[in-house]
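Asks: Just dropping this structure here.
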Amino acid sequence: MHKSMGLDGIHPRVLRELVGELTKPLSIIYQQSWSTGEVPEDWRVANMTPIYKKDWKEDPGNYRPVSLTSVPGKIMERIILSELSW
């Protein structure tokens, strides 16, 4: 699967390569967000792009939306989902 950078300009590969340096700062942000119930605004914004599926290009129903969001925000979503699913 192709991974794209979000609106923040951070590519997932950068996060993987800098995991040792970013773990603590991101952990602080995640904990603060969890305790306050607030999510950084940049993590709530997505860039939606319509991707053509098939048939007539003039029909809006023949497109599917793809959203590019912040990679750290996606990580936080997975953490929350795992806590709620446990």
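Asks: Working carefully through the options Ser35, Ser4, find the one that is among the hydroxyl-bearing types (Ser, Thr, Tyr) and assigned to a loop (DSSP other than H, G, I, E, B). Steps first, answer last, please.
Replies: Values: Ser35 fails: assigned to a loop (DSSP other than H, G, I, E, B).
The conditions single out Ser4.
Asks: So Arg64 ticks every box in (1) surrounded by 10 or more Cβ atoms within 10 Å (Cβ to Cβ); (2) charged (D, E, K, R); (3) touching a helix residue (DSSP H, G or I) at 6+ places or on another chain (Cβ under 8 Å) but one. Which box is left unticked?
Replies: Unmet condition: (3).
Asks: Which one is nearest to Pro12 (Cα to Cα) among residues in the stretch 31-61 that are in contact with a helix residue (DSSP H, G or I) (Cβ under 8 Å, 6 or more places away or on another chain) and surrounded by 15 or more Cβ atoms within 10 Å (Cβ to Cβ)?
Replies: Trp43
Asks: Looking at the stretch 72-86, can you tell me whether even one residue there is at pLDDT below 90, surrounded by fewer than 11 Cβ atoms within 10 Å (Cβ to Cβ) and outside any helix (DSSP H, G or I)?
Replies: Yes, the stretch 72-86 has at least one match.
Asks: Is there a residue in the stretch 19-30 that is among the charged types (D, E, K, R), exposed (fewer than 10 other Cβ atoms within 10 Å of the Cβ) and under 13 Å from the mean Cα position of the chain (by Cα)?
Replies: There is no residue in the stretch 19-30 that is among the charged types (D, E, K, R), exposed (fewer than 10 other Cβ atoms within 10 Å of the Cβ) and under 13 Å from the mean Cα position of the chain (by Cα).
Asks: Please find, within the stretch 67-86, the residue that is nearest to Lys24 (Cα to Cα) out of those that are free of Cβ contacts under 8 Å to residues at least 60 places away in the same chain, among the aliphatic types (A, V, I, L, M) and out of contact with any helix residue (DSSP H, G or I) (no Cβ under 8 Å at 6 or more places or on another chain).
Replies: Leu81
The values are calculated or read from the model by the stated rules, or taken from the named source; none is laboratory data. Just so we're clear, the structure is a prediction, and the values are computed from it rather than from any experiment. No Cβ is skipped: glycine too gets one built from the backbone with ideal geometry, and neighbour counts run over all protein chains shown.
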